[in-house]
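For reference, the structure is listed below as structure tokens.
The values are calculated or read from the model by the stated rules, or taken from the named source; none is laboratory data. Remember, predicted model here, so these are calculated numbers, not experimental data. Here Cβ is always computed from backbone atoms with ideal geometry, including for glycine, and neighbour counts include all displayed protein chains. When the accessible area is computed, the model is the full protein with side chains, heavy atoms only, and any ligands, DNA or RNA have been set aside. Shrake-Rupley method; radii C 1.70, N 1.55, O 1.52, S 1.80 Å.
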Amino acid sequence: MRQRHASQDARRAREFKAFVAGAAGRLLHAATLLTAESPDDNPRARRLLTLALAHTYACWDGLRGEDPYDRTRQYLASRFAQGAWHQYGGLGGHRPHPASPLAALAPQERLVLVLRLYEGVAEEQTAALLGLATERVRTICDRATATLLHPPRGPAPAVGGAKVAAS
């Protein structure tokens, strides 16, 4: 009995190790995009990925044909949304990290954009995962894309440009 459990544990560990070897890089990149951290300095993204992989490993035997990548990505997105809610008082507030190309986006916008464009998740699946209407997901994705393509400008330059010296 003990030997059977040991062989099952060894098989599970081998399968999971192979999964991590193949998927961890892409999942870490997705987590880094979500947290809007620099790829070279991303402790929050690494922690998020570690939690997602630990969750996947814990339920590995119960996947029963389900794609472990999908399960890990779902947990990653849910955990990010939950963390953003607690950290920023909702998915609307944000604290941008200047080194990230997605720094100008709110956490909810980053989440939708990463799921839709980077991960290629369908609108309906993204909506179901986040508990939003499909139209809302489309609107958030469109707004986030527009923000990235046409970033807000800084303050307008002063008219006349030159300062008058006081005599």
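Worth a mention:
- Screening the range 9-22 for residues that are open to solvent by 80 Å² or more (accessible area, probe 1.4 Å) and not acidic (Asp, Glu) and picking the one that is modelled with the lowest pLDDT gives Arg11.
- From Leu49, Leu28, residue being free of Cβ contacts under 8 Å to residues at least 24 places away in the same chain and of a type in the set (A, V, I, L, M, F, W, C): Leu28
- Test: residue in the range 23-38 that is open to solvent by 50 Å² or more (accessible area, probe 1.4 Å), over 15 Å from Glu119 (Cβ atoms) and not aliphatic (A, V, I, L, M): no
- Residue in the range 10-30 that is not in a helix (DSSP H, G or I) and not aliphatic (A, V, I, L, M) present: no
- The residues in the range 111-126 that are surrounded by fewer than 19 Cβ atoms within 10 Å (Cβ to Cβ) and part of a helix (DSSP H, G or I) can be counted, and the count is 5.
- Cβ pairs under 6 Å, 6+ apart, first in the range 53-66 and touching a residue at least 40 places away in the same chain (Cβ under 8 Å), second open to solvent by 50 Å² or more (accessible area, probe 1.4 Å): Thr56/Arg71
- Every residue from the range 1-48 that is more than 17 Å from Tyr75 (Cβ to Cβ) and among the charged types (D, E, K, R): Arg2, Arg4, Asp9, Arg11, Arg12, Arg14, Glu15, Lys17, Glu37, Asp40, Asp41
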